[in-house]
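Rule-based calculations on the coordinates, nothing more; no lab input. All of these numbers come straight from a predicted model, not from anything done at the bench. Neighbour counts are summed over all protein chains in view; Cβ atoms, including those assigned to glycine, are modelled from backbone coordinates with ideal geometry.
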Amino acid sequence: MATTKKNNIKKSTTSVSSVKSVFQNYAPAPESIDHIQLKSQYDLFINGKFVKPLSNEYYDTINPATGKKIASVAKGNEKDIDAAVKAANKAFESWSKTEPKERAKYIYRIARMIQERAREFAVIETMNGGKSIRESRDIDVPLAANHFFYYAGWADKLEYAFPNRNPKPIGVTGQIIPWNFPLLMAAWKLAPALATGNTIVLKPAESTPLTALKLAEIIQESGLPDGVVNIVTGFGDCGSALVNHPQVNKIAFTGSTPVGKYIQKAIAGTNKKATLELGGKAANIIFDDAPIDQAVEGIVNGIFFNQGHVCCAGSRLFIQENIAEKVIKKLKDRMRTLIVGDPMDKNTDIGAINSKEQLEKINHYIKLGQKEGAEIFQPECSVPANGFFCKPTLFIGTSQSHRIVQEEIFGPVLTIQTFRTIEEVIEKANNIPYGLSAGVWTDKGSKIFNLTSKLRAGVIWANTYNKFDPTSPFGGYKESGFGREGGVHGLLPYVKF
Amino acid sequence: MKLSNVTIDQVGVEERVARFNTRSIKKESKLQGMLLALNMIDLTTLEGKDTAGKVKQMCYKAMHLADDIEGLPTTAAVCVYPNHVKTAKKALEGSNVKVASVATAFPSGNSSRKIKLEDVKIAVTNGADEVDMVISRGEFLAGNYNFVFDEIAAIKEACGAARLKVILETGELSTLDNVRKASDIAIYAGADFIKTSTGKIQPAATMPVTLVMLQAIKDYYDETGIMIGMKPAGGISTSKQALQYLVMLYETLGEKWMTNEWFRFGASSLANDILLQLGKEKYGVYYSGDYISKD
């Protein structure tokens, strides 16, 4: 259709200069950090008390946005783990026999205390992990509180969750959590374990221990009986000691697939139960009948949420070939509006990469992608000079044979492939050792149901991405692990019949 | 024209809007944003009881928003019924404030093509710089898209040099899919601006509706290189809301659109709320509403 139109309108009215430049960079809006209380040194939380590590060794935990030290944290070892497991074992005797509705009261109390201190938690999570304050404030902390609320509700209703099966707690559970959602992952694991009457030894990731230690303070204040929750900070040897401790009855692990495999081997031949939530390389699939502008938003949210440090990140984008050009253009335009920078600024979309090692790994893959001949796109955004930052990155024109498509990068890097038919995209989406999550974008309901039954992934989002809720089970297929966390399914790994 | 098959996901649109609203606009961004918003206002009176006196008073206000605060812009335009265009034009003589006139049997649009065209001609002959027409929502909802398209095209022609704003009256279109379809029809038929509402129907302008219209403008620009303006109207009464719209505009269409040539607020009470905020910047305290003129 031909319409002739000219943009030759006369300059009108008083112009307001300098507005443009101001709106290009919103004025700094830093979250206040005056209200937080941090100690300069953190000890281990064992048997209801903060105790020094037996080795008396400490390590520095840093702010990845500045590279500067925040606090010293106890370096736990095998002996500390042993003390913690023994405390948990002792506490199990009475905790497992505590009235379920009494257990619920403690869990509700913890949930409310997290809400009361939500701002403090959000700021510390951002300081220690590098994620934007918008995410820790709007997602991590509220969701963590919600998990405690949700599982508190189950504590005295377990026989309804498992009718006629008489569910009983397992014993001491060893929980090892990752650095990408430090508080939230602690909540995912602690809440169902407490609700079902187990006791816990939790090991936070070495780079992000602070919110778990703040949580320890809350647990102490809540009056939860000593030894029910123990938190031991440290490195890999500490986690390994926990996995191998004979008095641990169950391991819950979220982290990398290689470590998951190690745990599987270590517990072989024992009667330890395990749930493993491991890596992923999710397909995010866009059909030509999708609501494209909203899909672009979903792509951005799928891969750049938490700097891409998300095991279920939509890191492989599949676009139906007839709309590929359009979607890629829109995606680039959208990426130009993303603000990368100080995680504590309320307007920051993409914060700091969690650690130097992770940044090096991501940069390695960005170089590899270029070497493999994929077309790279990064917006011309400014990035702070200090700290660990990475621009949001696209690789266009990739195929299943590219290593950047096959391997988990765990950073803000998206690979783009095109497809022609539904069969082709299902085959490609499943052609990966992982199977944690996937996304589908189409206006057609029948297409969604067709795909959800054929994609080998534990979680599939339709016309949205990265949505989490305590009522919804989460977990993987294949090398993304096994067992489910969240929902009524999330109770199962913590009970025996 | 080929009818648009763009689908809209309402939940996704609402989530995007929620993201815009988490932007924290402080200090100089806020100040400049408020000045820009003032400069984008179409100060409006569209009442049955409008008189020459009312229109003249409003026109003075458009040029002198608050003379005690230095460096304020004027509004972009005043918006009146066709029979008040002459009065407004005369009252605004010598200023840069435009006169916009509603036309085409505003607000229902239920009249013959002949009368609608006559309505436009009267407005233009009387000196209107801009014409705000309404689409035939009944025909649109009945599926007569060609009728709607042809009518807009005919009115565009009748406008001559005046810029045409096409009011979709989104509160009557029910779905965002319809909003997108109507936006595309209006743009391809020759609209210079697309506008959400008459202000006579609730809901009037909302951020989700405006976002869908901005995205239609972006798609058209990407395809043709031609810019189309946007005017949310009705329901925007606070400076906070205005800033949220500007954030949405900036992040959707970019800085090229950040002028009153391409973006307007159709509002009657927004200006005074912004003046209240600007007064606070100047005096350090919120002063009483009685200090702000109510023309």
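Per residue of chain B, the DSSP helices (runs of n ≥ 4 H) give a summed -39500 (n - 2.57) that works out to -14500 deg cm²/dmol at 222 nm. The residues neighbouring A:Glu221, those whose beta-carbon lies less than 12 Å from its own, together hold a net charge of +2 under the Lys/Arg +1, Asp/Glu -1 convention. Taken about its Cα centre, the protein assembly as shown carries a charge dipole of about 520 debye when Lys and Arg each add +1 at the Cβ and Asp and Glu each add -1 at the Cβ. Stretching A:Thr471 away from A:Ser55 to a fully extended chain increases their span by 145.6 nm, per 0.36 nm per residue minus the current alpha-carbon distance.
May I ask for the percentage of alpha-carbon pairs in segment B:10-291 that lie more than 26 Å from each other? In whole percent, the long-distance tail amounts to 40.
What is the helix-to-structure angle for A:324-335, meaning the angle in degrees between its Cα long axis and the longest Cα principal axis of chain A, kept from 0 to 90 and rounded to the nearest 10? With both axes taken from Cα atoms, the answer is about 70 degrees.
When each of the peptides A:377-384, B:103-110, A:137-144, B:279-286 is scored by how many other beta carbons lie within 10 Å of its residues on average, the order from highest to lowest is A:137-144, B:103-110, A:377-384, B:279-286. Over 27 Å between Cα atoms, which of B:Lys121/B:Lys256; B:Lys89/B:Lys165; B:Lys89/B:Lys294 qualify? Beyond 27 Å: B:Lys121/B:Lys256.
List the aspartates and glutamates whose Cα lies under 19 Å from the Cα of B:Lys114, skipping any in the same chain that are fewer than 8 positions away. List returned: B:Asp132, B:Glu139, B:Asp150, B:Glu151, B:Glu157. Straight-line reach from B:Lys26: taking Cα to Cα under 20 Å and skipping same-chain neighbours fewer than 8 places apart, the lysines in range are A:Lys20, A:Lys346, B:Lys240, B:Lys280, B:Lys282.
A simple rule links phi to the HN-Hα coupling: the Karplus curve 6.51 cos²θ - 1.76 cosθ + 1.60 with θ = phi - 60°, which for segment A:277-287 gives 10, 10, x, x, 8, 6, 8, 10, 10, 10, 8 Hz, with x for Gly and Pro. Extension gain, A:Leu38 to A:Ala268: 0.36 nm times the residue separation minus the Cα-Cα distance gives 78.7 nm. Listed values for segment A:364-379 are Karplus-derived 3J(HN,Hα) couplings in whole Hz (6.51 cos²θ - 1.76 cosθ + 1.60, θ = phi - 60°), namely 4, 5, 5, 5, 4, x, 5, 5, 6, x, 7, 7, 9, 9, 9, x, and x replaces Gly and Pro.
Over all pairs of different C-alpha atoms in segment A:41-277, the reciprocal of the mean inverse distance, the Kirkwood hydrodynamic radius, equals 17.6 Å. All Cα-Cα separations within the protein assembly as shown were binned at 20 Å from zero, giving a P(r) of 16, 41, 30, 13, 1, each value a whole percent of the pairs. Taking 0.36 nm per residue of sequence separation and removing the Cα-Cα distance, the A:Lys79/A:Lys97 pair yields an extension gain of 3.7 nm. Dipole magnitude for segment B:10-291: about 400 debye, using +1 per Lys or Arg Cβ and -1 per Asp or Glu Cβ, origin at the Cα centre. Taking the longest Cα principal axis of chain A as reference, the axis of helix A:182-195 is set at about 40 degrees. For chain A, relative contact order (Cα pairs under 8 Å, six or more residues apart, normalised by length) works out to 17 percent. For chain A, the longest principal axis of the C-alpha atoms and the axis of helix A:292-304 are separated by about 40°.
Counting Cα-Cα pairs of segment A:240-316 in 5 Å increments starting at 0 gives whole-percent bin shares of 3, 14, 19, 15, 11, 9, 10, 8, 6, 4, 1, 0. Grab the beta carbon distance between A:Ile376 and A:Thr337, set R0 = 25 Å, and tell me the FRET efficiency rounded to 0.05. The computed FRET efficiency comes out at 0.85. Residue by residue along B:93-104, Cβ atoms of other protein chains within 10 Å of the local Cβ number 1 on average.
If you wrap the tightest convex hull around every Cα atom of segment A:117-204 and split its volume per residue, you get 91 Å³. When A:Thr66, A:Thr348, B:Thr170 are sorted by how many other C-beta atoms sit within 10 angstrom of their C-beta, beginning with the fewest, the order is A:Thr66, A:Thr348, B:Thr170. A simple rule links phi to the HN-Hα coupling: the Karplus curve 6.51 cos²θ - 1.76 cosθ + 1.60 with θ = phi - 60°, which for segment A:340-348 gives 9, x, 3, x, 7, 7, 5, 8, 6 Hz, with x for Gly and Pro. Listed by chain and number, the lysines whose C-alpha is less than 21 Å from the C-alpha of A:Lys69, apart from same-chain residues fewer than 8 away, are A:Lys39, A:Lys52, A:Lys131, A:Lys203, A:Lys214, A:Lys356.
Just the projected area, averaged over all directions, of the convex hull on the alpha carbon atoms of segment A:209-269: how many nm²?
On the way: hull surface 19.7 nm².
Mean orientational projected area (segment A:209-269, Cα hull): 4.9 nm².
A cut-off of 5 Å between modelled amide H atoms, ignoring neighbours fewer than 5 places along the same chain, links A:Ala71 with A:Thr61.
Dividing the mean sequence gap of close Cα pairs (under 8 Å, 6+ apart) by how many residues chain B holds gives a relative contact order of 19 percent.
Share of pairwise Cα-Cα distances greater than 18 Å in segment A:167-244 is 37 percent (whole percent).
Structure shown: which of A:Lys329/B:Lys218; A:Lys326/A:Lys367; A:Lys329/B:Lys231 lie over 23 Å apart, alpha-carbon to alpha-carbon?
Working: A:Lys329/B:Lys218 12 Å; A:Lys326/A:Lys367 26 Å; A:Lys329/B:Lys231 26 Å.
Checking Cα-Cα distances, A:Lys326/A:Lys367; A:Lys329/B:Lys231 exceed 23 Å.
Largest first and in whole Å, the equivalent-ellipsoid semi-axes of segment A:24-148 read 31, 23, 10, each the square root of five times a Cα gyration tensor eigenvalue. Per-residue mean of foreign Cβ neighbours for B:27-36 is 6 (Cβ atoms of other chains, 10 Å radius).
Stokes-Einstein diffusion for segment A:132-264 at 20 °C, viscosity 1.002 mPa s, with a Kirkwood radius from C-alpha pairs, works out to 138 µm²/s.
Semi-axes of the equivalent ellipsoid for segment A:283-471, computed as √(5λ) from the eigenvalues of its C-alpha gyration tensor and ordered from largest down, come to 26, 18, 16 Å. Between B:Ala52 and A:Lys68, the modelled labels are 7.0 nm apart [label points 7 Å from Cα along Cα→Cβ]. Local charge for A:Lys49 was computed over the other residues whose Cβ lies under 9 Å away, with Lys and Arg +1 and Asp and Glu -1, and equals -2.
Inter-chain Cβ neighbour count for A:142-154, averaged per residue, equals 0 (cutoff 10 Å, partner chain atoms only). Based on Cα contacts under 8 Å between residues 6+ apart, segment A:242-363 shows a relative contact order of 20 percent.
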